[in-house]
Number of protein chains: 2
Amino acid sequence: MKRRDNAEGLTILKLGGSVVTEKGALLTPNMPAIRRLAREVSDAGVSPLILVHGGGGFGHPLAERYGIKDGFREPQQLIGFSKTHEAMVSLNRFVVEALVEEGVPAFGMPPSSFTVTRGGRVASIHDEPLRMALSLGLVPVLYGDVTLDLERGFTVLSGDQIAALLAVRFEAKRIIMGVDVDGLYTEDPKINPSARLIRHLTLKDLEEVWGGIRGSSSTDVTGGMMGKILELIPPIKHGAKALIVNALKPGNVYSALKGELVGTEITKE
Amino acid sequence: MKRRDNAEGLTILKLGGSVVTEKGALLTPNMPAIRRLAREVSDAGVSPLILVHGGGGFGHPLAERYGIKDGFREPQQLIGFSKTHEAMVSLNRFVVEALVEEGVPAFGMPPSSFTVTRGGRVASIHDEPLRMALSLGLVPVLYGDVTLDLERGFTVLSGDQIAALLAVRFEAKRIIMGVDVDGLYTEDPKINPSARLIRHLTLKDLEEVWGGIRGSSSTDVTGGMMGKILELIPPIKHGAKALIVNALKPGNVYSALKGELVGTEITKE
């Protein structure tokens with residue numbers, strides 16, 4: 001890593017499953033993207049930094065096959081819990097190793113080992129090792145994972161939820177969501193070619209758009225990212241700046257980490 | 001797994017680094033031993049069960065190279081922390097996958113994510129997910145790992161320490177130490193061929209042997225296992241039965257799990 005920049009406060013970088021895995025393929029990491037993004041993270045040299053990645057073709061197909069999200073019904077599912085978690089560990093190793101290759105002291109931390117959910121929402125997070133790792137200069141790398149759940153026995157915890165929760169808890173200054181689209185549009189660009197990319201949005205703007213969506217049940221202008229944006233609202237209310245950037249386009253994550261406006265920015269006011 | 005046997009209480013099975021890795025080789029799992037032991041664990045079908053394994057040629061050489069045990073001195077060590085942990089994750093994956101192949105719902109849990117040490121001894125262990133995993137029927141698989149340390153920044157946590165600590169905390173009925181020797185001898189069998197394997201030992205017996213060792217500074221009759229045995233004393237005082245068995249000999253771990261006397265047994269009285 002080239003430099004450290006503690007003045008800005010904590011940055012959380014979430015890389016979607018559609019970024020770090022090959023779309024439509026099973027258990028296939030997108031190695032060119034992972035290596036390039038590791039280089040961008042290293043070049044930007046931002047610290048403190050927490051990285052979170054999604055599951056894509058690693059976690060989701062297995063979680064679905066064994067009905068992990070809906071919780072424990074029968075002992076046969078336990079092996080599915082094991083397999084889903086192991087698939088995510090294997091994806092995490094690709095990401096962590098690429099970062100280490102680029103000199104980033106990445107530290108894989110499975111949420112399943114220190115987080116417990118209740119009905120799919122985080123109920124407790126034992127973050128002492130995570131806090132200590134951060135203050136030492138390590139870069140924790142978390143991911144969407146299975147979790148033990150107080151109501152369901154077990155379930156699935158999304159990378160988006162854990163990223164947003166850590167942003168609130170650690171009062172992150174920025175939460176950068178690396179996805180496979182350029183940001184939020186005024187309309188669905190696949191339907192209306194005159195749709196414009198939104199560069200900046202406040203929570204109030206978002207609520208108006210929201211109202212529109214709810215009222216009319218029209219096209220989801222978030223391009224299927226409504227769940228993601230709902231998770232982002234609490235950290236934004238706590239003062240974090242959220243950025244939705246296309247992490248498949250080289251240089252975007254580097255620029256976002258450097259504080260440039262890429263994609264769509266969402267702020268409190 | 002063939003059957004479950006909850007009546008006996010918790011069993012902790014520790015497999016030494018000299019059992020699950022190739023002696024003298026770097027980053028080389030002992031796959032025949034790992035596969036065979038996974039089968040023995042599956043055949044014995046003991047539940048609840050926590051498995052802990054050591055580092056051998058995975059964790060130790062890297063930890064040594066970067067001076068991880070002695071703690072943080074300079075930022076360059078952070079990448080060594082990363083590499084040491086990743087090496088242990090990769091070994092853990094071999095163990096967990098072999099267990100899953102045999103139908104054991106193994107669940108890899110890195111101590112570094114939920115344990116903090118002070119001067120190399122465990123200071124806090126956030127065990128909510130571990131407890132929930134156990135009660136659901138999963139088999140947590142922990143290992144010797146790096147940890148964040150309240151005095152040193154970071155350090156190394158041995159598999160023996162975490163195994164013994166969990167045995168005390170969870171009031172384990174049995175702690176089985178799978179090693180590469182047959183047990184404890186009356187004398188060092190390499191020096192004195194008339195040395196006899198000790199089948200049963202009480203803490204009082206042990207203290208007498210101990211006194212002898214301390215007084216005379218003579219040969220370590222534990223065959224270099226003094227550290228291991230010191231860790232075992234607290235769980236034994238808490239009522240756990242400790243067994244030191246040669247896990248490289250096929251069938252021994254199965255027999256030990258089934259409650260047969262293999263190797264050396266150490267009990268409170």
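The values are calculated or read from the model by the stated rules, or taken from the named source; none is laboratory data. Given the structure is predicted, the values throughout are model-derived calculations rather than measurements. Counting neighbours? That spans all protein chains shown, and the Cβs are built from the backbone with ideal geometry, glycine included. Areas reflect the complete protein model, heavy atoms only, side chains present, ligands, DNA and RNA absent. Shrake-Rupley method; radii C 1.70, N 1.55, O 1.52, S 1.80 Å.
Summary of values
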| item | result |
| --- | --- |
| Looking only at region B:27-55, and only at residues there that are assigned to a helix (DSSP H, G or I) and open to solvent by 20 Å² or more (accessible area, probe 1.4 Å), the one that is nearest to B:Ser255 (Cα to Cα) | B:Asp43 |
| Any hit, region B:226-235, residues being part of a loop (DSSP other than H, G, I, E, B), modelled with pLDDT under 95 and open to solvent by less than 60 Å² (accessible area, probe 1.4 Å) | no |
| Output for region B:105-115, where each listed residue is under 26 Å from A:Leu136 (Cβ atoms) and either of a type in the set (Val, Ile, Thr) or facing chain A (nearest Cβ under 8 Å) (or both) | B:Gly108, B:Met109, B:Pro110, B:Ser112, B:Ser113, B:Phe114, B:Thr115 |
| Flag for B:Val139 being under 14 Å from B:Leu49 (Cα atoms), surrounded by 24 or more Cβ atoms within 10 Å (Cβ to Cβ) and modelled with pLDDT of 95 or more | yes |
| Matching residues in region A:147-156 - criterion: being within 10 Å of chain B (Cβ to nearest Cβ), in contact with a helix residue (DSSP H, G or I) (Cβ under 7 Å, 6 or more places away or on another chain) and more than 24 Å from B:Leu148 (Cβ to Cβ) | A:Gly153, A:Phe154 |
| Matching residues, region B:115-136, being farther than 23 Å from B:Val156 by Cα and open to solvent by 10 Å² or more (accessible area, probe 1.4 Å) | B:Arg131, B:Met132, B:Leu134, B:Ser135, B:Leu136 |
| Total residues in region B:145-176, condition open to solvent by 10 Å² or more (accessible area, probe 1.4 Å) and assigned to a loop (DSSP other than H, G, I, E, B) | 7 |
| Count of residues meeting criterion [more than 7 Å from chain B (Cβ to nearest Cβ), more than 16 Å from B:Gln77 (Cα to Cα) and assigned to a strand (DSSP E or B)] in region A:116-139 | 6 |
| Residue in region B:57-71 that is within 14 Å of chain A (Cβ to nearest Cβ) and touching a residue at least 60 places away in the same chain (Cβ under 8 Å) present | yes |
| Residue among B:Ile191, B:Ile244 that is of a type in the set (Val, Ile, Thr) and either at pLDDT 95 or above or touching a Ser or Thr at 6+ places or on another chain (Cβ under 6 Å) (or both) | B:Ile244 |
| Members of region A:79-104 that are free of Cβ contacts under 8 Å to residues at least 60 places away in the same chain, facing chain B (nearest Cβ under 10 Å) and either under 17 Å from B:Val95 (Cα atoms) or not hydrophobic (A, V, I, L, M, F, W, C) (or both) | A:Ile79, A:Gly80, A:Ser82, A:Lys83, A:Glu86, A:Val89, A:Asn92, A:Arg93, A:Glu97 |
| Residue in region A:179-188 that is over 22 Å from A:Ala240 (Cβ atoms), open to solvent by less than 10 Å² (accessible area, probe 1.4 Å) and either of a type in the set (S, T, N, Q) or not in a helix (DSSP H, G or I) (or both) present | no |
| Residues within region B:56-76 that are in a helix (DSSP H, G or I) and surrounded by fewer than 22 Cβ atoms within 10 Å (Cβ to Cβ), tallied | 4 |
| Verdict on B:Val146 being in contact with a Ser or Thr (Cβ under 6 Å, 6 or more places away or on another chain), modelled with pLDDT of 95 or more and among the hydrophobic types (A, V, I, L, M, F, W, C) | yes |
